[in-house]
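Enquirer: To start, I am sharing the structure in question, which I have written as structure tokens.
The values are calculated or read from the model by the stated rules, or taken from the named source; none is laboratory data. Since the structure is predicted, the reported quantities are computational estimates derived from the model, not experimental observations. Cβ sites come from the backbone with ideal geometry, for glycine too, and all protein chains shown count toward neighbours. The area values use the complete protein model at the heavy-atom level, side chains included, leaving out ligands, DNA and RNA. Shrake-Rupley method; radii C 1.70, N 1.55, O 1.52, S 1.80 Å.
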Amino acid sequence: QVQLVESGGGLVQAGGSLRLDCAFSGRTFGNYHMAWFRQAPGKEREFVAAIRRSDGSTDYADSVKDRFTISRDNAKNTLYLQMNSLKPEDTAIYYCAGTAGISSTVAQWYPYWGQGTQVTVSS
């Protein structure tokens, strides 16, 4: 079974940076499209960024474009999210997700999820 474990969350000052990691195990990482989603208190889970399995092309939510960078290292079975210029509105639990099917920006279409890591940005 696929297992995803996020790490790297924490408390950071507005304007600062943070890198999230997601360790993948149980299957061949290179066969999976990967994505990051986040959920803030009282809000629905929302798409953040995605990276595809074949050509490595990326997609970003408008709210994070030009600030966040999604990447992957297939040799290390690890997904990353580099977050720069953080804002208080970025505060949320961040989840990594994977699918061997069709890449999507919709959370319901990802069958594999990590447990989440808390990111808190102080003003």
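Enquirer: Hey, if we sort 76, 65 by accessible area with the 1.4 Å probe, largest down, what's the order? Mind dumping the intermediate values first?
Expert: Values: 76 135, 65 115 Å².
The ordering from most to least exposed comes out as 76, 65.
Enquirer: Provide the per-residue ³J(HN,Hα) series for the stretch 111-120, in order, calculated from phi with Karplus coefficients 6.51, -1.76, 1.60 and θ = phi - 60°, each as a whole number of Hz, with x at glycine and proline positions.
Expert: In residue order, the calculated couplings are x, 10, 9, x, 7, x, 9, 7, 10, 10 Hz.
Enquirer: Further, regarding this structure: With charges set only on the Cβ (+1 for Lys and Arg, -1 for Asp and Glu), what does the dipole of the stretch 40-123 come to about its Cα centre, in debye to the nearest 20? If you can, show how the numbers build up before the last one.
Expert: Numbers: 9 positive and 9 negative charges, 41 e Å.
Dipole size: approximately 200 debye.
Enquirer: Here's a follow-up. Could you give the semi-axes, largest first, of the ellipsoid that matches the stretch 1-56, computed as the square roots of 5 times the alpha carbon gyration tensor eigenvalues and rounded to whole Å?
Expert: Numbers: eigenvalues 116, 38, 33 Å².
The three semi-axes for the stretch 1-56 are 24, 14, 13 Å.
Enquirer: To continue, here is another question. How big is the stretch 83-123 along each principal axis, measuring the range of its Cα positions in Å and listing the largest first?
Expert: On the principal axes, the stretch 83-123 reaches 39, 18, 15 Å in Cα extent.
Enquirer: With springs only between Cα atoms under 10 Å apart, run a GNM on the chain and tell me which of 50, 75, 97 wobbles the most.
Expert: Judging by the Gaussian network model, the answer is 75.
Enquirer: log₁₀ I(q)/I(0) of the stretch 50-104 at q = 0.16, 0.24, 0.28 Å⁻¹, via Debye over equal Cα point scatterers, no solvent, to two decimals?
Expert: One equal scatterer on each Cα of the stretch 50-104 leads to -0.55, -1.13, -1.37.
Enquirer: Mind listing which GluC sites (Glu not before Pro) in the stretch 27-123 are in a DSSP loop and have 13 or fewer other Cβ atoms within 10 Å? Show your work: numbers first, answer last.
Expert: Working: sites: 44, 46, 89; in loops: 44.
Counting only loop positions with at most 13 other Cβ atoms within 10 Å, the GluC sites (Glu not before Pro) in the stretch 27-123 are 44.
Enquirer: So what is the diffusion coefficient of the stretch 10-123 in µm² per second by Stokes-Einstein at 37 °C and 0.692 mPa s, using a Kirkwood Rh over Cα pairs? Walk me through the numbers before you get to the answer.
Expert: On the way: Rh = 14.1 Å.
This corresponds to a translational diffusion coefficient of 232 µm²/s.
Enquirer: Something else about it: When the accessible area of the chain is computed with all protein chains present and a 1.4 Å probe, what percentage of it is carbon and sulfur?
Expert: Details: 2930 of 6370 Å².
After summing per-atom areas, the C and S share lands at 46 percent.
Enquirer: Find out how many positive minus negative residues lie around residue 119, taking Lys and Arg as positive, Asp and Glu as negative, among other residues whose Cβ is under 15 Å from that of residue 119.
Expert: Details: positive: 19, 38, 43, 45, 67, 87; negative: 6, 21, 46, 89, 90.
Once all neighbours under 15 Å are counted, the net charge is +1.
Enquirer: Continuing with the same structure: Could you tally the net charge around residue 29, taking each other residue with its Cβ under 10 Å from the Cβ of residue 29, Lys/Arg +1 and Asp/Glu -1? Mind showing how you got there, number by number?
Expert: Working: positive: 27, 53, 72, 76; negative: 73.
Spelling it out: positives minus negatives among the neighbours equals +3.
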